[in-house]
Amino acid sequence: MNINDKRYFSDQAIAAIRAKYPVERTVDEALTWKLQRRRGCDYRLTDMDELSVRLSRFIADQVTEPFHITALTRLPGGGSKEMFRFTLHRQAATGDSAENLILRMNPGESIAETHRLREFQVMKAMKGVVPVPDTYWVDADGAVLGNSAMVCGFVTGIAKPSKPQGKSGSVSGIGAGFPKEQREPLLAQFIAHLVAIQNFRWQIADLSAFDVPRAGTVEAASLSLNQWSRVWEEDCFEEHPVITLAAQWLTNHLPIANDICLVHNDYRNGNFLYNEDTAEITAILDWELARLGDYHEDLAWILFQGFASPDENGTPLVCGLAPRDEFIKRYEEQSGRSVDEKKLHYYTVLNLYKLAILGSATNARAAADRQTHLDVMMNLSTGLGYSALCELYQILNAEEASQ
Amino acid sequence: MTPDTNQYLRSIHKALQTVILPELTDKPFAREQASMVLSSLSLLIEIQQFEPCYLRQEYKDICALLKHWAFGYCHGGSCDSWEDISGIRCEDLEFDEIQDIKATMPRLKAGLRALMDSAMPQAESVLHKMLHAYICRQLEREKSLLRKTGFIPEGETLADIGKTLAHQGAFPLLPRHSEPTPHHQPESFQ
């Protein structure tokens, strides 16, 4: 195999890469499916008539009463999965009903290769803990729908203000800012929901798709590091010295996690919906990367400078909501947890490593191998990965200089 | 003289922006995609003419670094072990044809990774400083190349890729603080 050609991994090559990077069972399953599917034909944009038939067949397996679907429409704005909205009409003995639902479906490949069963289970577990869309059904291996997919409820709300604040937020709400009067109520809820996620008793929930890292060990960090190192090997066009430096540093500094929590893993502006009139958060979205691990992983993600947005005086606000020091202080007060700066630093590097990999390698690979419906966006958003590489290098270089 | 690639791209950009995009008001997914095509065209208009030059500069830089790295090994009489670790052959660093350079770059970068993993130079050594200078130059090129993607902070204020390549061409990568002398000038590690 040419070093630049990663479309046709042999079975032996797949077995070797799986052995080299121990990851969670379902993470392994999703990444292995990706490599196997990549060997097949090019991905084509889902045909709406075909999807309508498949969706009807899928729902027929889930409900007992007569039903039909209408208004099946593709949604724009997704940065990763194919998203559709439809109305499900049911004729039950108790009366007819109509529900607006969302179908979230994997394309051939996307910016983050994830397992729909994990997303489905964690969203179901979060019901009543934090606002999430209702979960309905999951087709984890895509046996009926053609691709791995889940159906969930439609939630009203917006991900970024109708009147843009500053320049950012155009792609996936990254770097979206908020009007001054809405920041305080949004910040209070943003922190409260984060704390609720971290305090969630995952031990009594059905999270069978998740592996549990052992508390008091470095497993939580090493499982994540292995996952992203594997993705790099599967997707990169060519090696990059900053990724090499980062992998070495991350391997040499694995932190112990004493308190295993539920980690959302993409908790930021753009990934919650809110009511613009009341400033109430109506849903926390994008749970596909959720895992059990160290709460510093979420904190470091939230504090990432790339998600910040400046206030009226140019001060960068964490996720467009509050200055860094204020955010950390309020988080510590509300959660009762202390922020360990060393661990926060580790996860800052790890998160930049992830971002650099999915931005510079996975995006470009999906477009190169014609496995996405968003080829143009995948190419363009490689800029995100290279921006992360620059920031990653600055941190590693400063670290080395200080020693 | 036929229209050059840049002229074609500019014309496509104009037609998309002024004729096609306004017709897509009631097709949000198509409109979103068309907007991204427009952004990609703006990027291409700036960078496409520099692709060969970019590759040559990448190649020059990595060859300068690897030759200096190899010199340390070969000077001690262990060229074979350097080749074993890096998987790079002497002739890989002597190409001139752009197709050869393009085909060889991934292998050179894989070789650099192998060297960094197995034989990282000591901090503060000349080679170590040269490695970091190499990385800075690579990041500089990548930022300039992608400055119009909308993801590079302050992208609009950065030098475009043409200017960055001109600057790097004028100031080649050299070992910092210790200019190679004729005695150990690593022109070749054969």
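Just so it is clear, none of the values below were taken in a lab; they were calculated from the coordinates. Keep in mind it's a predicted model, so treat the numbers as computed, not measured. For neighbour counting, all protein chains shown are included, and Cβ atoms are generated from backbone atoms with ideal geometry for every residue, glycine included.
With only Cα atoms counted, the range A:187-251 has Rg and Dmax values of 16.5, 44 Å. Among A:LEU31, A:LEU358, A:LEU55, whose mean-square fluctuation peaks in a Gaussian network model of chain A (Cα, cutoff 10 Å)? For chain A, modelled as a Gaussian network with Cα springs under 10 Å, the answer is A:LEU55. Phi-derived couplings, Karplus 6.51 cos²θ - 1.76 cosθ + 1.60 at θ = phi - 60°, listed residue by residue for the range A:150-155: 9, 10, 9, x, 8, 10 Hz, with x used for Gly and Pro.
Using a Gaussian network model of chain A in which every pair of alpha carbons under 10 angstrom is joined by a spring, one finds that among A:VAL195, A:VAL53, A:VAL339 the greatest mean-square fluctuation is at A:VAL53. Note on A:ASP206 and A:ALA16: the model spin-label points, each 7 Å out from Cα along the C-beta direction, lie 4.1 nm apart. The slack in the chain from B:GLN48 to B:LYS163, taken as 0.36 nm per residue of separation less the alpha-carbon distance, amounts to 40.0 nm. Close amide H partners of A:GLU280, meaning residues 5 or more places away or on another chain with modelled amide H under 5 Å apart, are A:ASN275.
Rounded to the nearest 10 degrees, the inclination of helix B:51-75 to the longest alpha-carbon principal axis of chain B is 20 degrees. Among the cysteines of chain B, those whose beta-carbon sits 4.7 Å or more from every other cysteine beta-carbon are B:CYS53, B:CYS63, B:CYS90, B:CYS136.
FRET efficiency for the A:THR278 to B:GLU91 pair, using the beta carbon distance and R₀ = 60 Å, is estimated at 0.30. Within the range A:180-402, DSSP assigns beta bridges of which about 100% are antiparallel (rounded to the nearest 5).
Using alpha carbons only, the radius of gyration of the protein assembly as shown set against its Kirkwood radius gives Rg/Rh = 0.98.
Tell me, what is the FRET efficiency for A:ALA398 and A:ASN100 to the nearest 0.05, using R0 = 56 angstrom and their Cβ-Cβ distance as r?
0.70
Here's the picture: a label point sits 7 Å out from the Cα of A:ASP5 along the beta-carbon direction, and within the range A:350-376 the residues with their amide nitrogen under 16 Å of it are A:368-370. Taking only Cα atoms, what is the 0 to 90° angle, nearest 10, from helix B:5-15's long axis to the longest principal axis of chain B? Long axis of B:5-15 versus the principal axis of chain B: about 30 degrees. Remark on A:VAL144: its backbone amide H falls under 5 Å from none of the residues 5 or more positions apart or on other chains, H modelled at 1.01 Å from N.
Quick check: Cα centre of the range A:320-392 to Cα centre of the range A:188-247, how many Å? Distance between centres, Cα-based: 12 Å.
Note on A:ASP259 and A:ASP134: with the Förster distance fixed at 22 Å, the Cβ-Cβ geometry gives a FRET efficiency of about 0.15.
Taking θ as phi - 60° and the Karplus parameters 6.51, -1.76 and 1.60, the scalar couplings of the range B:106-113 work out to x, 6, 5, 5, 5, x, 4, 4 Hz in sequence order, x denoting glycine and proline. Charged side chains reduced to their Cβ positions (Lys and Arg at +1, Asp and Glu at -1) give the protein assembly as shown a dipole of some 460 debye around its Cα centre. In this structure, the pairs whose alpha-carbon distance is over 29 Å, taken from A:LYS20/B:LYS143; A:LYS342/B:LYS109; A:LYS81/B:LYS148, are A:LYS20/B:LYS143; A:LYS342/B:LYS109. When chain A is treated as a GNM with alpha-carbon contacts under 10 Å, the residue of A:THR382, A:THR94, A:THR73 showing the greatest mean-square fluctuation is A:THR94. Couplings 3J(HN,Hα) for the range A:322-337, derived from phi with the Karplus relation 6.51 cos²θ - 1.76 cosθ + 1.60 (θ = phi - 60°), are 7, x, 3, 4, 5, 4, 5, 4, 5, 5, 5, 4, 6, 8, x, 9 Hz, where x marks Gly and Pro. Under 14 Å from a label point set 7 Å out along the Cα-to-Cβ vector of B:ILE98, the amide N atoms of the range B:42-67 belong to B:47-59.
Taking amide H as placed 1.01 Å from N in the peptide plane, A:VAL130 has no amide H partner under 5 Å among residues 5 or more places away or on another chain.
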